[in-house]
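Scroll down for the structure; my scribbles are underneath it.
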Amino acid sequence: MIRIVIAEDQRMLLGALASLLDLEDDMEVVGRAGDGEEAVRLVRLHKPDVCVMDIEMPLKTGLEAAEALKGSGCRILILTTFARSGYFERAIKAGAHGYLLKDSPSEELADSIRSVMSGRRIYAPELVDDAYAEENPLTDREKEVLHLIAEGKNTKEIASLLFLTNGTVRNYVSVILDKLGVSNRIEAITRFKEKGWFK
């Protein structure tokens, strides 16, 4: 019997997933978590074989929970609506055994759990394509500048924090906008978030 914990903050979906998996002869849902912290607690408590984990949840994201459970012996299967290459890369680094999208056919979930149990890794094909197609174009310094912009810092504050001149910071900002193909700082932050590149 494959023992499963499901972590999903949308309660209706959590119930539906649990019912769906409980219908399988070889599966048993032993815990349901509504947030990432509860997921970590339930995995440590029940020691399931697999944890099916959403990404965007309260208290701890699915990626933070997966990182916390690395080496626990529980296989992590990410199930999310977000096909973002940055999320996918982080999930792989956290040791996730699978990354599926919620618009996959429902029977695919049970099959993927069995595949993961047999030692295989299951990733949504479109994510694998994206991961190889698109890398973060910003240098470490440009990322640092964008992070400070996202924190609400202005040019002068960024210059002071990074020991740069205002002109140098403005140059960095224009390079960032150019590389991300956007026209202002807000769009740059949005684009960077959409790609899942904020770590």
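The values are calculated or read from the model by the stated rules, or taken from the named source; none is laboratory data. Keep in mind the model is a prediction, meaning the values are calculated, not measured. Virtual Cβ from ideal backbone geometry, glycine too; neighbours counted across all protein chains shown. The protein model used for the area step is the full one, side chains on, heavy atoms only, and it has no ligands, DNA or RNA in it. Shrake-Rupley method; radii C 1.70, N 1.55, O 1.52, S 1.80 Å.
The figures follow:
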| item | result |
| --- | --- |
| Portion, in percent, of the accessible area of segment 1-123 that falls on carbon or sulfur, probe 1.4 Å | 50 percent |
| Residue-count net charge about T155 - beta-carbon cut-off 13 Å; Lys, Arg +1, Asp, Glu -1 | +3 |
| Those chymotrypsin sites (Phe, Trp or Tyr not before Pro) in segment 132-185 that DSSP places in a loop and that have at most 16 other beta carbons within 10 Å | F163 |
| Helix axis angle, 140-150 relative to the chain longest principal axis, alpha carbon, degrees | 90 degrees |
| Cα-based helix-to-principal-axis angle, 36-46 vs the chain, degrees rounded to 10 | 30 degrees |
| Degrees between helix 11-22 axis and first principal axis of the chain (Cα, 0 to 90, nearest 10) | 40 degrees |
| For the chain, built as a Gaussian network whose Cα springs stay under 10 Å, the top-fluctuating residue of L69, L42, L177 | L177 |
| Rounded accessible area per residue of segment 1-145, 1.4 Å, Å² | 49 Å² |
| Kirkwood Rh, angstrom, the chain [1 / mean 1/r, Cα pairs] | 18.3 Å |
| Among 139-149, 81-91, the order from most to least packed when residues are scored by Cβ within 10 Å on average | 81-91, 139-149 |
| Tensor-based shape of segment 1-97 (alpha-carbon gyration tensor, a/c under 1.5 rounded, otherwise prolate or oblate) | prolate |
| For the chain: relative contact order, % (alpha-carbon pairs under 8 angstrom, 6 or more apart) | 15 percent |
| Sequence of V50, V175 when ordered by accessible area, the most exposed leading, probe 1.4 angstrom | V175, V50 |
| Estimated FRET transfer efficiency (N154, D26; beta-carbon r; R0 45 Å; 0.05) | 0.20 |
